[in-house]
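Read through the structure below, which is laid out as structure tokens, and then see the notes.
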Amino acid sequence: METMKLHSHIGADGILQIQTPTDLKDTPVEVVVVIQPLPNTDVATSSEVEPQYNAWGKPTTKKSISNAIARMQELRQQVALDKTSLRSMIEEGRRF
């Protein structure tokens, strides 16, 4: 069984036309159609932007994203290793 969700448009003539490719050929099938009107798209396209939330459920804003980037850069500097440390680690690894 295959379930598909499609968005379509019913014309002024009141006829819904559905055309969709399937892997099935030359076989009887049962088709279930549920017609549910969508909200008026003219109203739904307002200039108001829906808020987005991070993994902890807090709203994301330009300021919160900038703060997160700044904090990641701080952490990178705190845990960064200098070149001499890296060389000594590589040499230590080659001993084994």
Residue tally, condition part of a helix (DSSP H, G or I), of a type in the set (S, T, N, Q) and modelled with pLDDT of 75 or more, over the stretch 40-67: 3
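Loosely packed, with under 10 Cβ neighbours inside 10 Å, of a type in the set (Lys, Arg) and not in a loop (DSSP other than H, G, I, E, B), is that true of residue 5?
no
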Which numbered condition residue 87 fails, given (1) assigned to a helix (DSSP H, G or I); (2) under 29 Å from the mean Cα position of the chain (by Cα): (2)
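The values are calculated or read from the model by the stated rules, or taken from the named source; none is laboratory data. Computed from a predicted model, the values in this text were never measured in an experiment. Ideal geometry is used to build each Cβ from the backbone, glycine not excepted, and the neighbour counts take in all protein chains shown.
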